[in-house]
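What follows draws every value from the coordinates through simple rules; no lab data is involved. All of these numbers come straight from a predicted model, not from anything done at the bench. Neighbour counts are summed over all protein chains in view; Cβ atoms, including those assigned to glycine, are modelled from backbone coordinates with ideal geometry.
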Amino acid sequence: MAESFLRPQDAIEIWDVRPGEKIADFGCGAGYFSVPLGQRVGTGGRVYALDIRPESLEATRAKAKLFRVYSVETSQANLENAGGSGLREESVNKIIISNILFQTQHKQGLAQEAYRVLKPGGTIMVIEWSEEKNSGGPPLADRVNREEAEKYFLTAGFVFYKEFSAGSHHYGLIFKK
């Protein structure tokens with residue numbers, strides 16, 4: 001079987017992202033999801049691209065500018081702290097957390113901050129490295145398995161909604177508030 005990574009457009013389809021929605025990208029990195037999400041939500045929506053690293057925010061801004069996506073707003077944030085996102089309580093429709101659990105020290109704090117800012121009925125998409133040995137990605141010892149990830153979000157108050165195929169290197173989970 002050929003190795004495959006989840007394409008952002010596929011995730012957006014699975015997740016049913018709609019124009020006008022407000023979405024937070026927790027740990028946006030270089031804008032891998034932020035920019036395609038910004039294209040989908042359009043000018044009536046907003047993507048809050050949040051990361052602790054200034055260089056990641058700069059990369060996201062550059063990518064958004066390159067693709068002429070004006071609905072992406074970047075902000076430096078420590079997502080492990082209560083209120084660390086800088087977003088108002090119950091202010092976003094969706095949150096994506098992709099490939100950051102393995103590098104997060106306070107995983108429960110991250111899940112609680114997501115719960116705080118998500119509107120009731122909103123969904124959170126979690127994409128994380130699977131435990132299978134493969135090329136690339138973080139060391140196996142640093143990875144967060146699917147059951148452990150699910151526990152963090154259920155403990156924060158989310159309800160499991162569904163699992164989806166996130167490519168050959170990752171697992172994907174969606175939770176609902």
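The charge dipole of the chain, taken about its Cα centre with unit charges on the Cβ of Lys, Arg, Asp and Glu (plus for the first two, minus for the last two), comes to roughly 580 debye.
Given the chain, what percent of its DSSP beta bridges are antiparallel, to the nearest 5? The antiparallel fraction comes to roughly 40 percent. Of the GluC sites (Glu not before Pro) found in the range 79-113, the ones in coil according to DSSP and having at most 10 other Cβ atoms within 10 Å of their Cβ are 89.
Stretching residue 7 away from residue 62 to a fully extended chain increases their span by 17.8 nm, per 0.36 nm per residue minus the current alpha-carbon distance. Ellipticity at 222 nm from helices only: DSSP H runs of n ≥ 4 in the chain, each -39500 (n - 2.57), divided by the residue count, give -8500 deg cm²/dmol.
Length gained on full extension, residue 141 to residue 70: 21.7 nm, using 0.36 nm per residue less the C-alpha separation.
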